[in-house]
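Working notes, structure below.
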Amino acid sequence: MQHPDQKYINALLENDVVILEELYRKFSEKIKWMIIRNNGAETDAADIFQDALLSIYNKAKTGNFTLTCPLEAFLYLVCKNKWLNTLNKRKTQKVTITDTEGFNYIGEDNFKLAEECVLQQERNNLLTEKLAEMGGSCKKILRLSWSGIAMDEVARQLNVTYAYARKKKSECMARLIALVKQSPRFNSLKW
C-alpha cells in the first residue's frame, strides 16, 4: 500500500519546488546530524543527502517504485548505507554508527518497514532482470497472469488452450525461479 509520503517521491519526479523545500527542511538536518556524529563533515552530509535523493529519483523514474513506508526511515537507511560505503572506501576513519540515536521517534517498526521496503525493491529488481533474460512467450504469459487476468482469459489472449497456458506458465515460473536462485545476489535478499 502506498504511503502518504509518496508525495515527496512525486515532487522529485515533477520538480515541485514547494514540496522539495519541505523535504529538505524536514529531513536534511537529521541526515547531517547522523553523518557528523559518524566522522563526517557538513559537506559530506550534503553530498550523501543529494546522492540519496538522486538514487530515489532514478528508482522512481523507472516507474517501478512506490513508497510503502515513511520517507524519513527510508531516506535514513539509504543515507546510512551510502555513508557506510563512503567510510569503507576511505578506510581511514572508523565507522561509528551503532544505532539510530536521534531517530528514535521514527519508531522501530518504521525502520523495519523501511528495511523491508528496500529489500523488496531489490527483490523486484532481480526478478525484473531475470524476467528480461527469458524468451518472449514466457515473458508474455507471466506478465499477463501477474496482471490479475484469469488464466482462461490469458489462454484466450494467447490463442492457446487453458491446459497449455497453465502448463506453460508453470514451466516459465520454474525457469524464472531457477534463474533467480542462480544469481549471486539471491542469498543476500533473504528469500
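The values are calculated or read from the model by the stated rules, or taken from the named source; none is laboratory data. Keep in mind that this is a model prediction, so the values were computed, not measured. Cβ coordinates were reconstructed from backbone atoms using ideal geometry, including for glycine residues, and neighbour counts include every protein chain displayed. Areas reflect the complete protein model, heavy atoms only, side chains present, ligands, DNA and RNA absent. Shrake-Rupley method; radii C 1.70, N 1.55, O 1.52, S 1.80 Å.
Contact map, region 42-58: residues that are without any contact (Cβ under 8 Å) to a residue 24 or more places away in the chain and part of a helix (DSSP H, G or I) paired with residues that are open to solvent by less than 90 Å² (accessible area, probe 1.4 Å) and of a type in the set (Ser, Thr, Tyr), Cβ distance under 8 Å, separation 6+ or inter-chain. Pairs shown: Ala45/Ser28; Ala46/Ser28. As for region 78-86, it holds no residue that is assigned to a loop (DSSP other than H, G, I, E, B) and open to solvent by 50 Å² or more (accessible area, probe 1.4 Å). The set of residues in region 138-175 being in a helix (DSSP H, G or I), modelled with pLDDT of 90 or more and polar (S, T, N, Q) consists of Gln157, Ser170. Every listed requirement among (1) farther than 30 Å from Glu129 by Cα; (2) at pLDDT below 85 is met by Leu67 save one, (1). Among the residues of region 131-157, those that are open to solvent by 80 Å² or more (accessible area, probe 1.4 Å) and charged (D, E, K, R) comprise Glu133, Lys140, Arg143, Asp152, Arg156. Lys94 passes every criterion in (1) of a type in the set (Lys, Arg); (2) surrounded by fewer than 19 Cβ atoms within 10 Å (Cβ to Cβ); (3) modelled with pLDDT of 85 or more apart from (3). Could you go through region 150-165 and let me know if any residue there is within 21 Å of Gln120 (Cβ to Cβ), among the charged types (D, E, K, R) and out of contact with any strand residue (DSSP E or B) (no Cβ under 7 Å at 6 or more places or on another chain). Looking through region 150-165, none of the residues is within 21 Å of Gln120 (Cβ to Cβ), among the charged types (D, E, K, R) and out of contact with any strand residue (DSSP E or B) (no Cβ under 7 Å at 6 or more places or on another chain). Scanning region 158-170 for residues that are open to solvent by 90 Å² or more (accessible area, probe 1.4 Å) and in contact (Cβ under 8 Å) with a residue 12 or more places away in the chain yields a single hit, Arg166.
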